[in-house]
Amino acid sequence: MVFVIVAGKLAGYIALADEIRPDSAAAIQTYKDNNIKVYMATGDNDVVGKAVSEELGLDGYYAEVLPHQKVEIVKELQAKGEFVAMTGDGVNDAPALAQSDVGIAVGSGTDVAAETADIILVNSNPKDIANLILFGKATYQKMIQNLAWATGYNTIAIPLAVGVLYPWGFVLSPAIGAVFMSLSTIIVAINAQLLKGKIGS
């Protein structure tokens with residue numbers, strides 16, 4: 001904030017503040033829709049931190065934070081049982097990125113932050129981080145689905161292949177077994193391909 005003094009009296013002032021990216025609100029809403037808490041750690045004063053936090057609807061904020069305190073914040077959240085993913089772009093963020101469970105560096109940031117982080121974003125769009133998290137969750141769901149299918153298939157197919165139903169006159173021929181095995185592989189592959197459509201939507 002710059003004050004203008006004329007003849008010993010306050011004539012006016014100019015307040016400067018960083019502009020919030022237009023796509024930040026949409027990214028924060030995506031996190032909330034997926035039950036992900038969002039906190040901000042900033043070196044700015046409490047007035048600025050509170051204003052940004054309220055405008056974006058954050059779950060909380062830490063203002064006037066020194067570089068070494070960011071690490072302590074991450075440790076504090078982890079001690080509460082939280083899985084912490086942190087985003088940073090500067091040299092001061094590197095220690096906290098290393099301490100977090102998942103460190104995400106913005107590609108336009110410093111080399112130190114990029115080398116420390118687990119993931120590097122090419123763009124500075126906060127929506128990319130939300131998409132990254134959603135992609136990971138969707139991929140995990142597909143893995144579980146394919147594992148469940150494979151387990152269920154083998155639970156039924158293997159006993160049939162060894163002749164469990166032979167006393168009742170049913171025998172699964174090797175040719176039919178090979179067809180079923182190929183069909184299982186095709187189903188798993190198709191299910192995995194559906195992930196692309198889900199992410200694209």
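Quick note: the coordinates plus some simple rules give every number you see, no bench work behind them. Please read these numbers as outputs of a predicted model, since none were measured by experiment. Cβ coordinates were reconstructed from backbone atoms using ideal geometry, including for glycine residues, and neighbour counts include every protein chain displayed.
Of note:
- Amide H within-cut-off set for residue 61, under 5 Å, with H built and near neighbours excluded: 40
- Residues 53, 173, 24, 100, sorted so that the one with the fewest Cβ neighbours within 10 Å comes first: 173, 24, 53, 100
- Sequence of 6, 171 once ranked by neighbouring C-beta atoms within 10 Å, starting from the fewest: 6, 171
- Most mobile of 154, 92, 45 in a GNM of the chain (Cα contacts under 10 Å): 154
- A helix-only calculation puts the chain at -18000 deg cm²/dmol for mean residue ellipticity at 222 nm, using -39500 (n - 2.57) for each DSSP H run of at least four residues, averaged over all residues.
- Order of 168, 149 under a 10 Å beta carbon neighbour criterion, fewest first: 168, 149
- Angle of helix 46-56 to the longest C-alpha principal axis of the chain, folded into 0 to 90 degrees and rounded to 10: 40°.
- Measuring against 29 Å, Cα to Cα, the residue pairs 75/142; 32/80; 50/142; 70/142; 9/70 contain 75/142; 50/142; 70/142; 9/70 as the ones spanning a longer distance.
- Option label - mean projected area of the Cα convex hull in nm² computed here, alternatives [x] 13.2; [y] 17.6; [z] 11.5: [y]
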